[in-house]
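What follows is calculated from the coordinates using simple rules that are stated; it is not laboratory data. Being a predicted model, the structure only gives us computed values, none of them experimental. With ideal geometry, Cβ positions are generated from the backbone for all residues, glycine too; neighbour counts draw on all protein chains shown.
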Amino acid sequence: MNPVNYLYLAALLFTIGATGVLIRRNAIVVFMCVELMLNACNLAFVVFSRMHGNLDGQIIAFFTMVVAAAEVVVGLAIIVSLFRTRHSASVDDASLMKL
Amino acid sequence: MSFPLLTATAALPALGAVATAAVPAARRTAAKWLALVVSLATLALAITVLIRFDPGGDRYQLTESHAWIADFGVRYELGVDGIAVALLALTALLIPFIILAGWNDADPLETGSRRWRPTQGFFALILAVEAMVVISFEATDVFLFYIFFEAMLIPMYFLIGGFGDRAHEHGEAAASTQRSYAAVKFLLYNLVGGLIMLAAVIGLYVVAGNFSLQEIAQARANGSLHMVTGTERWLFLGFFFAFAVKAPLWPLHTWLPNAMQESTAPVAVLITAVVDKVGTFAMLRFCLQLFPEASKWATPVILVLALISIVYGALLAVGQRDIKRLVAYASISHFGFIVMGIFAMTSQGQSGATLYMVNHGISTAALMLVAGFLISRRGSRLIADYGGVQKVAPVLAGTFLIGGLATLSLPGLAPFVSEFLVLVGTFTRYPVIGVIATFGIVLAALYTLVLYQRTMTGPVKPEVSAMPDLRVRELVVVGPLIVLLILLGVYPKPVTDIVDPAVRQTMSDVHTTDPKPEVEAAK
Amino acid sequence: MDNLIALLIAAPLLGAAVLLVGGRRLDAVGHWIGTLLSTTSFVLGLVLFAGLLGKDAENRTLTQHLWTWIPVGGFQADVTFRLDQLSMTFVLLITGVGSLIHLYSVGYMEHDERRRRFFGYLNLFLAAMLLLVLADNYLLLYVGWEGVGLASYLLIGFWQHKPSAATAAKKAFLVNRVGDMGLSIAIMLMFTTFGSFAFGPVLSHTGDTSEGRLTAIGLMLLLAACGKSAQVPLQSWLGDAMEGPTPVSALIHAATMVTAGVYLIVRSGAIFNAAPDAQLAVTVVGAVTLIFGAIVGCAKDDIKKALAGSTMSQIGYMVLAAGLGPIGYVFAIMHLVTHGFFKAGLFLGAGSVMHGMNDEVDMRKYGALRTYMPITFVTFGLGYLAIIGFPFLSGFYSKDAIIEAAFAKGGTQGWILGGVALLGAAITAFYMTRVMLMTFFGEKRWQPDAQGHEPHPHESPKTMTIPMIVLAVGSVFAGFFFHLGDRFLHWLEPVTGHSEGDSPIGATTITGATLVCLVVGVGIAWARYGRKPVPVVAPRGSLLTRAARRDLLQDDFNHVVLVRGGEHLTRSLVYVDHTLVDGVVNGTAAGVGGLSGRLRRVQNGFARSYAVSMFGGAALLVAATLLMRAV
Amino acid sequence: MSALQLAAYTTSTGEAFQFWVLGTFAVIGALCTVLMRKAVHSALCLAGTMIILAVFYLANGAYFLGIVQIVVYTGAIMMLFLFVVMLVGVTAADSLKETIKGQRWLALACGVGFGVLLFAGIGNAALTEFAGTGRANANGNVEGLAALIFTKYVFAFEVTGALLITAAVGAMVLTHRERTERARTQREMAEQRIREGRHIPPLPAPGVYARHNAVDVAGLLPDGTPSELTVNKTLRERGQIRDVSAEALNDLRALEQRAAERLERTAIEPATFKRPEEASK
C-alpha cells in the first residue's frame, strides 16, 4: 500500500469536517467538526513527516494540537457565556452581523 | 540655510487651525479673532514672499528641499515660480476676507452645550484649507503635491456638509439632507479624480524613477527621459482628469453648483476662488511641464471642452433660479476661459489664464460675498424672493452691481484684462474657437444683468422693505476687494510682470512660440 | 500742453468718484460739483482747442502716454491719449453739450431724491465718452466704448423702481454687448494681422495685408458701430432707452454716445478705404436705418420715441456718409456735430414739455402748447427747422452735403443711395412737422391723470431754458459757421482725408430736390395733422403704421426668436444638465447602490453562510493553484 | 522496536490491512460526528475517530504524537467537550432541519468540490518516494522532537506557551461573571419578595416520588396540573422537566378504582385529564 492513501483519508476527513461546520447549528458540534478538520491536518502533517524523513511535520502537528487546545478552551468559554445569556447554543441565533 | 519662508507660509495657518480648534467652547469670539490674526499674518508672509521673489531670477525661487521618503525618492521640495507666487498671494489675500465675511456664519444656534464648538471648527477648517492650498502651490514634488491636493478634500467636505445657510426655503431638515448630498458629491467627484491621478503619479514614478518636478521636467526638456507616446498620453490624461474635475471642466462640473449652493457664501468663495484654482494651476504646472507632447496632442479636445464650458455654463447661469447656483455656473463658464487660455499655447493665453485665476478669485469673492450678505438678510437664495433692494439698500446693491460688472468683464475692472488676453491668445491660434468664445461675453452680460434686474430693481417687495444696508464689517470685506478690482483693471502690470517670465518658461517647456502677426511675418 | 489731455478725462472721473462714493453728505451740492467738473473739462477742451489752432494743420496731433497697461509678450496695450482734430471736435461737442445738459438737469432733476447719483452717472458718462474719443488704441477705445455702455445702462435704468426702465437698461446693455463682441473680434483680428491695435501701426499698414482680412475687420467694426449707434439690425434698444430721464436721452441717446459708431468708422477710415466691400456694407446699413428710423419716427405717439426714431434715422445719414469713404467722412462728422446741437435741443425741449405736463409723453395729449411755453416753443421750433434742413440752418448744410456725397458715389449705387437720402429728407420733414404740430399747435387735448391732477403747462426754470437757448443758437448758426469757407472741411481733412466725388447731377439741382422733398414732407404733415384736429385716441392706422408703432416688428422678432428661443434653450439645458450630465453620474451611483443592495442580501448575518463563502473561496484557491500548476 | 521502525518507512500488508479497516471506521466516525442529532453522540464518535487517528500516528512513526493524541486530545479536550455538552444539556437533540435557504446544498457542493480538488491535488503530486522516519527517529522519537522544539522551533514554542496562558486567562475572563453590585442579603431578598407581593412564601419544592431522581419532577397543584415554579431554573430553561402529571393522575385513578373495588363502591367518574398543550390542539 502506498502511504499516500493516508493523505486521501486526511483529505476526506477534512472535507467531512468542513461540511459539518457548514451544516450543523449547534456550536459545540461545529467545534467538534473544526477539531476533526484539525486532526485531519495533523494526520497529513505526520504523513508528510514520514515522507520527508524528518520530524518537522510532527512538530507542526504538535503545535497544531497546542493551538487547538487553546482554541477549544476559549471557544468553549465563549459558548458557555453565550449560552448563559441567550440560553441557546445555536450559531444561527448570533446573527447580529446582519446590516 | 535661510529661513524657510515657504514652509512658514503653509505652517502658520496649519498651526493657527490647530490653535483655533483648541479654543474653549465659550470663547467663540476669541477663536474668530485668532483665526483672523493668523490669516493676516499669513498674508504678511505671503507679501514677504512676493517681495523676495525676483521676477528676473531663477525659475523656482525660495526653494527648500529635504529628504522625506528616501526609498521612493519622495522629497519635501518647495519652490515658487511667478504663477505660484501670484496664486499664493491671492489665496493669502482672500482668506482674511472669507473669515471676516463668515464672522457670524458658524455661531451655534443654541448656546447651551459646552462641548459643541462649531465656530472654532469652522474657522479652523478654513485655515486648514488655506494651509493645504498654499503648500499645493508651493510643492515641486509631484507626490507632495498629490498628498495635499487630496487632503484638501477633508476639510472642504466638512465645511460644505457641516455649515450651511441659516435659512432655507425647504426647512432645516431638507437643508441638511441637501448639504450632505452636496458634500458627498463634492467628495466623490474629487476623490475619483484624485485616485485616477494617483495611478498616474505612480505611473510617472515607474517611468521617471523619482517625483521631482524639476528633475523630470529638465530630463524631459533635454531628452534624457524619453517616454513612449502612448505612456505619456495616458499619464497626461490621468493628471488632467483630476485637474479637470477640480477646475471644473464640462462635463465634470455638476458637483460645483451643488456644493456652492448648499455651503455658506464664504465657503462657496473658498471653493471656487481658492480651492478650484489648484486645478487650473496644476494644469499649467504639471500637465504642460511633465507631458508637453501629450498636452499638444490633447489641445483640440480640451479647447472644445473649454469652449463648451464657457457657453454651456453661461447659458445655464441664465436659466438658474437660485443666486448661488447662478454664480456657480458663471464660475464654470469662467473656468472654461481659464482652461482655454492655458491650452491655447500662446503667451497671451497663458498669462491671461494666470491673471484670470487671480481676477476671478477677487471678482467672484466680491459678488458671492455680497450675495451672501443679501441672502443672510432675507433668508432665501431664490432670485424670485427679491426685488427692489436697490431702493432699500443702495450700497449693497451698488457693490453687488460692481461685483456683477466684474463678472461680466467690464473694461476697467480686472477680469476684463485677463478675459481679453485669453481671447486674444486663443484667437491668434484658433480663430474660430476664439470667436465662439467671444459669445460668452454677451451671455455673461445676460445672466449678470438679469440677476441684478430681478433682485435689485423694480418695485420694493414687502419682505425686503426693512432690509438693512451693508454694515461696517461687511463694507470692510467688500471695499478692498472692489478697490483691488479697479486697481488691477487699470494697472495690472505688477502681476503680469511677475507672471510673464514663468509663462515664457512654460511656453519653452512645450516647445511653442507665439504665432507671428501677418504683417510682421510678411516682412 | 499735452499733459492736459488726461485732465480732460480726470475731471469728470473725479466727479463721478466723489459723487458716487461720497454718500448722502453731498446731496445738497452734488449737482453743482458735477456741473462744475464737467464745465472744467469743457474749459480745458477750449484751452486745448486754442492750442491746436495755434499750430500748423499737419502738427495738430498731440499724444500723451500715461502708463503701460497690459504688457504681455507681444501684446502691448498702453494708456495713451491722442488728441487730433477729430477727437478735438468730439471733445468740444461732448463737454459742451454735456455741460449744458448738466445745467439743464439741475432743474430737471430737482425733485428727485437721487439727484446726486444722477450727476455721478452723468460725470461717469462724460469720462468714458472722452476716453472713447481720446484713446490712442482700439483696446483703450474699447474701455471707453463699454464705459459709455455702462453709464448708459445706469442712466436708462435710473428710475429702477419702474420695471420697464430696468428692462430697457438691460436690453440696451445686452444689444450693445453684441456690438462690443464685434469690436473685440476686430481688435483680435488687428492683433493677429498687424501685431498691434494702436491707431498708428494699424492704420498705416493697411496696404500690407490682404483685402479679405481688412474686410473682416471692417465688418466687425461695423457690427460694433451698429450696436452703439442703434443701426439696423441692432437698433431695437434705442426706443426703449427713452425710459431714462430726458437729459440722458438728450446727451447720450441723441448727441454723443450713439454717434460713437460714426466716430469709430471715420477713425478707422484707412481700413474701410482699403476694403470696399465693408464700405458698401456700411452704406447699406446706413441707408436701411435711415429709412427704418424715419418710418418708426412717423408712427410713434410718444414724443421721445418719435425723436428716438429720428435720431436713428439721422445717424443713418452719418453712417451712410461714413460709408462713402473720403468723400463723406467730413460730412458725416459735420452732420454729427450739427445733429448734436439740434437733437439735444429737441430732446431738451421735449423734456421741458414733459416737465410742464406731469411727465406725460403722449403727443396726442398735448396740443396748443406754444402759448404756455413760449421759450420751449421757440427753441424747439428752431431745432425743428434745423433738422428738416430749412435753408441756411445748420441741418441744411450738413444734410445737403451728405446727399450730394451720396450721389457722388457714382454709378447705380450713387443713384440708389442718393435717392434713399432724398426720400429720408422728405420723411424727416413729415415726422418732425407731425411732432411740432401735435405738440405746439392745434387745440389743447390734455386731460386730468388718474389721480385727477389737471396738468398746468408752464415754462421751465432758467437752468433748463438757458441750455435750450444755447443749443438753439447752435442749431441755427453752426452749419453756416462750419460751411463758411469750408472751415470744417479744412479742419478735419488732415485726419480723415477728403476727396471730391464727381456727382452726376449738379449741387444746385440736388439742393433744389432736397427743398422740394422738404416742402412735400411738411405739406403732407400739415394736411394730416394741421388742418384736421388730432384724435386723442390713436386711430388703428394702416398696416405699415401699426408695424411702425411696433418698431417694424423688430422687437417681436427678437422676442420670438431670441428671448423665447433663448428661454427654451436655457430651460432645456438646465434639464439636460440635471438629467443627462448629472444623470449619468447619479445613474452610475444608483447602479452601484443597487448592486450593493443585492449584494447586501448575501450578508444575512448567519455565520454559517459566511463560512460557506469562505469555504467556497478556499476551494477556488485550491482550484486556482492547481490550474496554475497545470499551466 | 525494529518492526515498528520498519513500519515507519515501508507499508507492510499488516499496515495496509490496518489502514483499510481502521480508516473505514474513522470515516464512519467522522460522518457520525457530523450527522448525529445529539451532541453527546457526536462527541463520542469524534473521540473514536481520534483514537483511530492516534493509531495511524503510531503507524507513521509519530509515537509521541500518537500518545499525546490519546492522552491530551481524546482524554482532555474531548472530556472538556463532554463537560460543556453536559452543561448545555445532554439530552437535548438538535433538529437537523436546515433553516437557511440553500445552505445545505451549497455546503455539500462546496464540500464535494473541495474534496475532489484535494484528491486531484494529491493525485497530481509526485508522491512516490518515502524517506521514512527511521533515520529521524534514530535517537528516539521524543528526543528528536525535543531537539527540534528547543532549537529550531524554540520561539514558536515560547509563543505557543504565551498563547496557552492567554487562552486560559481568556477563558476565565469570558466565563467569569463580574459582580457589579453587592450581593443581596437574605433580608433584602425577603423584603423584595414582600414588596412585589407575588410569592410571599418560599417557592414550592418539587414533587417527590420515590421512583425518580425527582428534582426534575414538577410539583402538582391541587387540581393535578404541574407547577413549573417548583423546578430549578436551569432545568426549566433546558426543557428537562419531567412531566409526571398524567402518570400521577392515572395512578390516582387506579388507586381510587382499587379502593372502590375493595370498598365495593360505584366509581365516581373522574374528569379525564388532558395536558394543556393537548387540550389546545
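Quick look at the numbers
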| quantity | calculated |
| --- | --- |
| Alpha-carbon centroid distance for the pair the stretch B:391-435 / the stretch B:201-241, whole angstrom | 37 |
| Semi-axis lengths, Å, the stretch C:504-631, gyration tensor of Cα atoms, sqrt of 5 times eigenvalues | 90, 23, 7 |
| Residues residue B:70 and residue B:218, FRET efficiency given R0 of 30 Å [Cβ-Cβ distance, rounded to 0.05] | 0.90 |
| Mean-position separation - Cα centroids, the stretch D:127-206 and the stretch D:26-42, in angstrom | 25 |
| Inter-chain shielding of A:41-49 (mean C-beta neighbours from other protein chains, 10 Å cut-off) | 6 |
| Shape call, chain C: gyration tensor on alpha carbons, a/c limit 1.5 | prolate |
| Neighbouring partner chain Cβ atoms per residue of C:186-192, average, 10 Å criterion | 6 |
| Under the span-like rule (Cα at least 18 Å along the axis, Kyte-Doolittle mean at least 1.6), DSSP H helices of chain C | C:4-22, C:276-299, C:374-388, C:507-525 |
| Averaged over C:403-415, number of beta-carbon atoms from partner chains that fall within 10 Å | 0 |
| Relative packing of C:616-624, C:493-501, B:242-250, B:79-87, which averages over residues the other C-beta atoms within 10 Å, highest first | B:242-250, B:79-87, C:493-501, C:616-624 |
| Helix B:28-52 vs. chain B, principal-axis angle (Cα, 0 to 90°, nearest 10) | 30 |
| For the stretch C:85-176: relative contact order, % (alpha-carbon pairs under 8 angstrom, 6 or more apart) | 21 |
| Estimated distance in nm for a label pair at residue D:205 and residue C:499, the labels positioned 7 Å out from Cα along Cα-to-Cβ | 14.2 |
| Total charge dipole magnitude, the stretch A:3-87, about the Cα centre, Cβ charges on Lys, Arg, Asp, Glu only, Debye to nearest 20 | 340 |
| Subset of B:296/B:324; B:246/C:170; C:55/C:228; C:304/C:399; B:32/B:185 violating a 31 Å alpha-carbon distance limit | B:296/B:324; B:246/C:170; C:55/C:228 |
| Value of relative contact order over the stretch A:3-87, rounded to a whole percent, pairs C-alpha under 8 Å and six or more apart | 27 |
| The protein assembly as shown: Rg to Rh, with Rh as the Kirkwood radius over Cα pairs | 1.20 |
| Convex hull of Cα atoms in chain B, direction-averaged projection (nm²) | 24.1 |
| Residues of type aspartates and glutamates that residue D:101 reaches as a straight line, Cα spacing below 19 Å, ignoring anything fewer than 8 places off in the same chain | A:92, A:93 |
| Reciprocal mean inverse distance between Cα atoms of the stretch C:135-206 - Kirkwood radius, Å | 13.4 |
| Protection-proxy order for peptides B:297-306, C:395-404, each taking the mean of Cβ atoms within 10 Å per residue, highest first | C:395-404, B:297-306 |
| Cross-link reach list, aspartates and glutamates versus residue B:277, counting only Cα pairs under 15 Å and skipping chain neighbours closer than eight places | B:130, B:138, B:150 |
| Angstrom value of the Kirkwood radius, inverse mean 1/r, which spans all Cα pairs in the stretch B:162-244 | 15.5 |
| Estimated dipole of the stretch C:1-156 in Debye, rounded to 20 [Cβ of Lys and Arg +1, of Asp and Glu -1, Cα centre] | 420 |
| Distance between modelled label sites at residue C:164 and residue D:17, nm, 7 Å Cα→Cβ extension | 12.4 |
| Angstrom value of the Kirkwood radius, inverse mean 1/r, which spans all Cα pairs in the stretch A:3-87 | 13.8 |
| Cα centre as origin, Lys/Arg/Asp/Glu Cβ charges: the protein assembly as shown dipole, Debye | 3340 |
| Anchor residue C:532: lysines whose Cα lies under 16 Å away (excluding residues fewer than 8 positions away in-chain) | C:365, C:444 |
| Between 0 and 90°, nearest 10: helix B:229-246 axis offset from chain B longest Cα axis | 10 |
| FRET efficiency, residue B:505 to residue A:85 (Cβ-Cβ, R0 51 Å, nearest 0.05) | 0.10 |
| Alpha-carbon centroids, the stretch B:317-386 and the stretch C:107-138: separation in whole Å | 29 |
| In degrees, nearest ten, helix B:394-407 long axis to first principal axis of chain B (Cα) | 20 |
| Relative packing of peptides C:409-421, B:366-378 - highest average C-beta neighbours within 10 Å first | B:366-378, C:409-421 |
| Rounded FRET efficiency, nearest 0.05, which uses the C-beta distance separating residue C:613 from residue D:258 and R0 of 51 Å | 0.15 |
